[in-house]
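Below is one structure; the comments refer to it alone.
Rule-based calculations on the coordinates, nothing more; no lab input. Since this is a predicted model, take the numbers as computed values, not measurements. Every residue, glycine as well, gets a Cβ built from its backbone with ideal geometry; the counts of neighbours run over all protein chains shown.
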Amino acid sequence: MGRSVSAVSCPAELLRHDGEGHYFQLGSIRPTPENATTCSEFTGGRCPLAVPSPGFGCLVSCVASEADCGRLNPQTPAVNPVAKDRHLCTSCGVSACQSCEFSAQGQATCKACFSGFLLLEKPAGGGGVTQECVLWDQGVVSLTARVLYGILGLVVAFVLLGTLFGALIEGWTSWHEQDNEHVAPSDKDAPISEVGDSQALSVPLIRQRSSALVKQVREQNKSAIQHGLSFNLDASIKVAAMRAAGPDSSSFLRRVWRTTISSEQDNLGVGLALFYNTQLFLISFCFLILMASVAIQMYGAQGSNTLFSGDDEHGGCSMSEARIEEMQASIVAGQMRYAVMSQYVCLVLWPASVLLSWAFHRYQKQSVRKYDDEHQTAEDYTVMLTDLPKDMMSERRLKEVLEKELVCLQGEIHGVNICYDMKHLSPESQEKLESMLERIVEWDDLRNEWCPCHLGTPEDELAASMEEDARMFEELLQNELRGSGRAYVVF
């Protein structure tokens, strides 16, 4: 058949077909062979071909030429001359094929694929060819994906092997360091024959002691980890609040309420309290949106998901025109009900969300004001000074200057803290300062009994180290440290 576009005007009325080559007008109450027709009879021979409507296979439009098949339904671009219904446009059997032709034997040949696809032909058995429409860059995408996955796999393998190798090297080095730390420095490199008999006999004992030491260190690390986890749980703000909310004999739901909703049993601080309130607000707001969505689905979407299909169990179109119109009206009514309900819900939800946000903002401001009134913070008795001379390094000197200049505050200043500029320090000095801070924290843990003594540095050894740190810090103050121009005065 020709592929020229038809200029014949065909009626817009649809026909029903039963898949057996029989066509019926939509006004037929009960389709029978007596009232069957064809597109040629229905149009007086002007439009003999039938094109299935997209999505409604039992409804067809009458067209004049094969060129109109693909124009009305891209999935049925041609007519099979050996099919049971030789006037029905059908598919080619090749996915994404835009135009095709059928031979006299009914063999489909794809002529062109849709935009973005490439027609590939592969030899098949019996001397034939197999056609396929594929994405024009499918090969490039597949190759690129394989290369990227290969590189990613190599990187993962390299990281895993490197981590394993580094762990093995570190473990081997640590083991030998523990073995050698029991040998005197002057005897490490000497052969066993040059060491005294008593020392030579004690070498196996050193090995045994090293194994025992390693076992002791492992047990100590295990105990330290368990203590850290237990201390972290005990230090949890909400766990502590749960314990303070009431005795174990009280209602569990009541304790949960007092610890999660009420803030009377804990002191989160103003920042954490505001963050916690924000989480509760977001959860409540999301729950409100969920309820609105459920209300729309339950009330407004009834009937909106009805599938319109005129096909019966045999693939035919047995519905009458009245039944089809009834189903269409039901679908439109369901969609209209869904739209109206959505409008009402959005109309209520928008001002409710705005008012809820304003109320939450006011509640947060009141929470900050209430916390400030009920708690004493550093800003109540501290003043920050800026633009101080960088060479002002003595807190005692700064206190004397403030008391001299501010006569009304004489005797009221309890302390002065100068902020030091540590960015220009050498890496060695910064490392020393970090070690000093770690020892201060460890000393504080021991003094407050937050950490068992056997898990940390002995107290006398730690005190000696802190005395040495004080001497080193004094040298840093004199030689390297400089002021940042900022200080805090405590009244």
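At-a-glance table
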read-out	value
Set of lysines with alpha-carbon distance to LYS390 below 30 Å, sequence-local pairs under 8 removed	LYS399, LYS404, LYS423, LYS432
Point-to-point label distance, GLN430-MET392, nm (Cα→Cβ direction, 7 Å offset)	2.7 nm
Contour minus Cα-Cα distance for TYR344 and TYR381 (0.36 nm per residue)	7.9 nm
Which of ILE283, ILE440 has the fewest Cβ neighbours within 10 Å, and the rest in rising order	ILE283, ILE440
Compactness of segment 15-91 - radius of gyration and Dmax, Cα, Å	11.6, 33
Per residue, the convex hull volume that the Cα atoms of segment 341-491 enclose (Å³)	274 Å³
Cα centroid separation - segment 60-111 against segment 375-442, whole Å	88 Å
Ranked by how many other beta carbons lie within 10 Å on average, peptides 46-58, 473-485, 140-152 from highest	46-58, 473-485, 140-152
Potential lengthening between SER95 and MET422 on full extension [0.36 nm per residue; Cα-Cα distance subtracted]	110.8 nm
Residues ASP373, ASP18 arranged by fewest to most Cβ contacts within 10 Å	ASP373, ASP18
Residues VAL407 and THR144, FRET efficiency given R0 of 60 Å [Cβ-Cβ distance, rounded to 0.05]	0.15
Mean Cβ neighbour count within 10 Å, used as a protection proxy, ranking 414-421, 452-459, 376-383 highest first	414-421, 452-459, 376-383
